[in-house]
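> Take a look at this one; I'll ask things after.
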Amino acid sequence: MRMGKTRVAVCLPSRVEVNGRTTAISPGSPLYLPTGVDVSRRGNVYLIRSPNGESVRAELHDKWIDVSVGLGRRPFKVRGLLANAGNNVHRVATRGGVALTWPLSFKVLYHRYGDSWRVKPGASLLCKAKRIEHRNPARPFYAEDLRRDVAQRARAICRKAKVRKGALLGACTLDVAVIGRAGAARAYVGAPAPVAVGRPR
């Protein structure tokens, strides 16, 4: 993540880079940076916070990272791939500020909107990435598109973890099936239900 002039990246298997340099973070010994950003660690969970309250929580697993983002102190203005336009859950905005209202076509969502926010290789915060994928899926893919036996196994894992029904169960089912680890369900346990769910036409 980028906080002002500070760039912090949490990498697999267990490494942190601050402004491109590997930096050790020991559990119980937070790193305090001159810009006011602090990085702390508890087990496999890293927390990055800025002076104005913005935060990123990264939980590392063997092959993936569960990430959650926290907003700063009110009033705040949020822009980006994870933000809604004008705080309206039915709208998103391109990098150029063009607001788009759901429902969106697949082409508009992945090309006009998604490509506008695509990170250029030189600006990537990925840890020493040798290659960055630059392509879009050919079509939408949901839990119901999984092979039936695969979907049933993954859904059973999510239900056993007590993931709520609806959109969260569908997302959990897809993640568990694609990642191939039962632990992927933990990211959905206790998660609040989404206010709105958008599916491209």
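The values are calculated or read from the model by the stated rules, or taken from the named source; none is laboratory data. Everything quoted here is computed from the prediction, not taken from an experiment. Using ideal geometry, Cβ is built from the backbone for each residue, glycine included, and neighbour counts are taken over all protein chains shown.
> Could you pull out the residue among Asn19, Asn44 that is at pLDDT 85 or above and either in contact with a Gly (Cβ under 6 Å, 6 or more places away or on another chain) or not aliphatic (A, V, I, L, M) (or both)? Working first, answer last.
On the way: Asn19 fails: at pLDDT 85 or above.
Selected residue: Asn44, the only one of Asn19, Asn44 that is at pLDDT 85 or above and either in contact with a Gly (Cβ under 6 Å, 6 or more places away or on another chain) or not aliphatic (A, V, I, L, M) (or both).
> Let me ask another. Can you tell me which residue within the stretch 162-193, out of those that are among the small types (Gly, Ala, Ser) and closer than 22 Å to Asn44 by Cα, is nearest to the chain's Cα centre (by Cα)? Step through it out loud before you land on a result.
First, the residues of the stretch 162-193 that are among the small types (Gly, Ala, Ser): 166-167, 170-171, 177, 180, 182-185, 187, 190-191, 193.
Narrowing further to those that are closer than 22 Å to Asn44 by Cα: 180, 182-185, 187, 190-191.
Details: Gly180: 18, Ala182: 19, Gly183: 17, Ala184: 13, Ala185: 15, Ala187: 11, Gly190: 17, Ala191: 14 Å.
Taking the candidates together, the pick is Ala187.
> Oh, and also: Taking into account only those residues within the stretch 130-156 that are out of contact with any helix residue (DSSP H, G or I) (no Cβ under 8 Å at 6 or more places or on another chain) and under 26 Å from Ser14 (Cβ atoms), which is modelled with the highest pLDDT?
Only one residue tops the list, namely Glu133.
Matching residues to (1) surrounded by fewer than 16 Cβ atoms within 10 Å (Cβ to Cβ); (2) under 28 Å from Asn84 (Cβ atoms); (3) touching a strand residue (DSSP E or B) at 6+ places or on another chain (Cβ under 8 Å):
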residue	(1), (2), (3)
Ala154	no, no, no
Leu168	no, yes, no
Cys172	no, yes, no
Pro194	yes, yes, no
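> In the stretch 28-39, what residues are over 16 Å from Glu17 (Cβ atoms) and surrounded by 13 or more Cβ atoms within 10 Å (Cβ to Cβ)? Talk me through it step by step, then tell me what you get.
First, the residues of the stretch 28-39 that are over 16 Å from Glu17 (Cβ atoms): 28-30, 32, 34, 36.
Listed by number, the residues that qualify are Pro30, Gly36.
> Which of the numbered conditions does Gly80 fail, given that it passes all the others? Conditions: (1) surrounded by fewer than 12 Cβ atoms within 10 Å (Cβ to Cβ); (2) at pLDDT 90 or above; (3) under 15 Å from the mean Cα position of the chain (by Cα).
(2)
> Of the residues in the stretch 53-77, how many are surrounded by 13 or more Cβ atoms within 10 Å (Cβ to Cβ) and not β-branched (Val, Ile, Thr)?
Of all residues in the stretch 53-77, those surrounded by 13 or more Cβ atoms within 10 Å (Cβ to Cβ) come to 54-61, 64-67, 69-72.
Still in the list and also not β-branched (Val, Ile, Thr): 54-55, 57-61, 64, 66, 70-72.
Summing the residues that are surrounded by 13 or more Cβ atoms within 10 Å (Cβ to Cβ) and not β-branched (Val, Ile, Thr) in the stretch 53-77 gives 12.
> Related question: Return a yes/no flag: does the stretch 154-161 have any residue that is under 25 Å from Ala58 (Cβ atoms) and either within 18 Å of the chain's Cα centre (by Cα) or in the same structural domain as His111 (by TED's automatic domain parsing) (or both).
The answer is no; no qualifying residue exists.
> Being in contact (Cβ under 8 Å) with a residue 12 or more places away in the chain, of a type in the set (Val, Ile, Thr) and closer than 18 Å to Pro140 by Cα is the filter here, so list the residues in the stretch 174-190 that pass it.
Val176, Ile179
> If I ask for residues that are more than 20 Å from Arg57 (Cβ to Cβ) and either among the aliphatic types (A, V, I, L, M) or surrounded by 16 or more Cβ atoms within 10 Å (Cβ to Cβ) (or both), which ones from the stretch 174-192 would you list?
First, the residues of the stretch 174-192 that are more than 20 Å from Arg57 (Cβ to Cβ): 174, 176-178, 180, 182.
Correct list: Leu174, Val176, Ala177, Val178, Ala182.
For every residue, the table says whether it meets (1) in contact with a Pro (Cβ under 7 Å, 6 or more places away or on another chain); (2) modelled with pLDDT of 80 or more; (3) of a type in the set (S, T, N, Q); (4) closer than 20 Å to Val195 by Cβ.
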site	(1), (2), (3), (4)
Pro75	no, no, no, yes
Gly86	no, yes, no, yes
Phe106	yes, yes, no, no
Lys120	no, no, no, no
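> Identify, by number, the condition in (1) touching a residue at least 40 places away in the same chain (Cβ under 8 Å); (2) crowded, with 16+ Cβ neighbours inside 10 Å that Gly198 doesn't meet.
Tallying (1) touching a residue at least 40 places away in the same chain (Cβ under 8 Å); (2) crowded, with 16+ Cβ neighbours inside 10 Å, Gly198 fails exactly one: (2).
> A further question on this structure: Name the single residue, out of those in the stretch 1-24 being surrounded by fewer than 17 Cβ atoms within 10 Å (Cβ to Cβ) and assigned to a loop (DSSP other than H, G, I, E, B), that is nearest to the chain's Cα centre (by Cα).
Leu12
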